[in-house]
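Every number here is computed from the coordinates shown, using simple stated rules; none is lab data. Predicted, not measured: the structure shown is a model, and the values here were computed from it. Don't worry about glycine lacking a Cβ; one is built from the backbone with ideal geometry, like all the others, and counts go over all protein chains shown.
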Amino acid sequence: MRTKNAKRISTAESAHMLRVKESGCAVCDAGSGAIVEAHHMKQGNHFTTIGLCDCCHRGPMGIHGDKTMWRIHKMDENDALNETLRRVLGG
């Protein structure tokens, strides 16, 4: 969801975020059946989004919580972005 003053999301940005969401969770590897969200490393920059399940994103142990899941998997945002891009770009 965007705020009323946010720039409109382009078709390319929207398509990229859809691929990110389809790529699975970059931290815990939750895939089919899991709801994967696009976490923005920098608000408004839709090409630097990370695919995260709700637990690794908004859960109490996720990036917006105490980051326990991230420490367990020895990941930071750059590692997760690299994994997401590898999956999305097929590298």
Distant-in-sequence amide H partners of Met61 (H built 1.01 Å from N, under 5 Å): Asp66
Derived scalar couplings ³J(HN,Hα) [segment 66-72; Karplus, 6.51 cos²θ - 1.76 cosθ + 1.60; whole Hz; x for Gly, Pro]: 8, 6, 4, 4, 5, 5, 4
Applied in sequence order to segment 53-58, the curve 6.51 cos²θ - 1.76 cosθ + 1.60 (Karplus, θ = phi - 60°) yields integer Hz couplings, x standing for Gly and Pro, of 5, 4, 5, 6, 9, 9
For the chain, give me every cysteine whose Cβ has no other Cys Cβ within less than 4.7 Å, ordered by residue number. Cys28, Cys55, Cys56
Please state the relative contact order of segment 14-91 as a whole percent: Cα pairs under 8 Å, 6+ residues apart? 29 percent
Rounded to two decimals, what is Rg over Rh for the chain when you use alpha-carbon atoms and the Kirkwood radius? 0.96
